[in-house]
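S.K.: Handing you a structure now.
The values are calculated or read from the model by the stated rules, or taken from the named source; none is laboratory data. Predicted model, so just to flag it, every value in this text is computed and none were measured. Using ideal geometry, Cβ is built from the backbone for each residue, glycine included, and neighbour counts are taken over all protein chains shown. Note: accessible area is taken over every heavy atom of the protein model, side chains too, but ligands, DNA and RNA are not part of it. Shrake-Rupley method; radii C 1.70, N 1.55, O 1.52, S 1.80 Å.
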Amino acid sequence: MKSSFHGMRTRALGALAGASAAFWGASAWASDRIGEPTPGAIDLQPGVTDLRNQAIWFHDIILLPIITIITLFVLGLLVWVVIRYNKRANPVPAKWSHNTAIEVAWTLIPVLILVVISIFSFRLLFDYNDMPKPDVTIKATGYQWYWGYEYPDQKVGEFISNILPEAQANAKGVPYRLAATEPLVVPVNAVVRVQVTGADVIHAFAVPSFGIIADAVPGRLNETWFKANRIGTYYGNCRELCGVEHAFMPIEVKVVSQADFDAWVAKKGGSVGGATPAPVEAAPAAAAVATPAAATVAAATPEPKAGGTPAGTPAPSAPAAK
């Protein structure tokens, strides 16, 4: 009988281990997409900045094991209490008021756990706030419901970034509701400072691959930074519930070589390295701000003028002072 029970337990544990390996293996070994969500993935988006990689390490190596151990410990206690102290197994309950040793333990152990977490947490927080000398400064202003970007050092005035209409997104093979009509463009391996504010309500500027998020608060200038180490396209979006079209104000960032960045700045009529700004060609009339309803019928979105607001858009309230 004992041998039979042992065999059943071994087979059960083997089946559980096999199912666990299949579940975690399929997710862990799946090829994660870089810069955008991976369908079916259960882990964090891969990072292309040192800060993002540090945050992933903190989550996977410090927080996740601690959370798992605590969860299993509490589950074990619940099962033990249900089995050992139910009415049938324990018809005459014990009568006592407290246990000093247990009370000291459940006070000190959580404190020690929090101290361990805080050591790594404060170090990561310090790195996030210890911004090196920036190579590029961008001012990002959140509007209902689109973004305005400005490059003050390169003399590139504010330009408007809307959601890319669904038909255009499908034609280009880019993710709808993440792709934008006017992406941010930054050079690779450059320290990029992003100054964030809001023009009407609170928005939030977030790009998961960079590991950054900053609230865009009207009348206030918040600041974050990143240094992308890989050329590519990376997507984010507004992370603060800001109205009925909150889900339709994406952030698209293109990380390019320094030469391509200089060429983009020149195309925008800005200055590169103190050079005289190139003359700006006349731009076609700007289209209205893309909305979910308009996106389904828009055939194309003309490029808005640098520093302008799309035609038909109510003038936003004045952004916060730089």
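S.K.: In the set Gln168, Gln144, which member is of a type in the set (S, T, N, Q), touching a residue at least 40 places away in the same chain (Cβ under 8 Å), surrounded by fewer than 23 Cβ atoms within 10 Å (Cβ to Cβ) and touching a Gly at 6+ places or on another chain (Cβ under 9 Å)?
M.R.: Exactly one residue qualifies, and that residue is Gln144.
S.K.: For Tyr85, indicate whether it is open to solvent by less than 60 Å² (accessible area, probe 1.4 Å) and of a type outside the set (D, E, K, R).
M.R.: Here the answer is no, as Tyr85 does not meet what is asked.
S.K.: Could you identify the single residue in Ile231, Ile202 that is within 19 Å of Val256 (Cα to Cα), more than 12 Å from the chain's Cα centre (by Cα), among the hydrophobic types (A, V, I, L, M, F, W, C) and open to solvent by 30 Å² or more (accessible area, probe 1.4 Å)?
M.R.: Of the residues listed, the single one that is within 19 Å of Val256 (Cα to Cα), more than 12 Å from the chain's Cα centre (by Cα), among the hydrophobic types (A, V, I, L, M, F, W, C) and open to solvent by 30 Å² or more (accessible area, probe 1.4 Å) is Ile231.
S.K.: Quick one: in the range 31-79, of everything that is of a type in the set (A, V, I, L, M, F, W, C) and not in a helix (DSSP H, G or I), which residue is nearest to Trp225 (Cα to Cα)?
M.R.: In the first step, residues of the range 31-79 are kept if they are of a type in the set (A, V, I, L, M, F, W, C); the result is 34, 41-42, 44, 48, 51, 55-58, 61-64, 66-67, 69-70, 72-75, 77-79.
Restricting the remaining residues to those that are not in a helix (DSSP H, G or I) gives 34, 41-42, 44, 48.
Details: Ile34: 19, Ala41: 27, Ile42: 26, Leu44: 20, Val48: 13 Å.
In this case the residue turns out to be Val48.
S.K.: Going through Ile138, Ile102, Ile117, Ile109 one at a time, which residue ends up being open to solvent by less than 60 Å² (accessible area, probe 1.4 Å), farther than 19 Å from Ala228 by Cα and among the aliphatic types (A, V, I, L, M)?
M.R.: Going through Ile138, Ile102, Ile117, Ile109 in turn, just one is open to solvent by less than 60 Å² (accessible area, probe 1.4 Å), farther than 19 Å from Ala228 by Cα and among the aliphatic types (A, V, I, L, M): Ile117.
S.K.: Sticking with this one: Being over 22 Å from Val48 (Cα atoms), of a type in the set (Val, Ile, Thr) and in contact with a strand residue (DSSP E or B) (Cβ under 7 Å, 6 or more places away or on another chain) is the requirement here; does Ile213 meet it?
M.R.: So Ile213 does not fit the description; no.
S.K.: Right, another one. Among residues belonging to the range 209-228 that are assigned to a loop (DSSP other than H, G, I, E, B) and among the small types (Gly, Ala, Ser), point out the one that is surrounded by the most Cβ atoms within 10 Å (Cβ to Cβ).
M.R.: Ala228
S.K.: Return the residue satisfying two criteria in turn: it lies in the range 176-197 and is surrounded by fewer than 18 Cβ atoms within 10 Å (Cβ to Cβ) and in contact with a Pro (Cβ under 8 Å, 6 or more places away or on another chain), and of such residues it is nearest to Arg239 (Cα to Cα).
M.R.: The qualifying residue nearest to Arg239 (Cα to Cα) is Arg177.
S.K.: Can you go through Leu44, Leu51 and tell me which one is closer than 21 Å to Phe210 by Cβ and touching a Pro at 6+ places or on another chain (Cβ under 9 Å)?
M.R.: Working: Leu51 fails: touching a Pro at 6+ places or on another chain (Cβ under 9 Å).
Residue meeting the stated conditions: Leu44.
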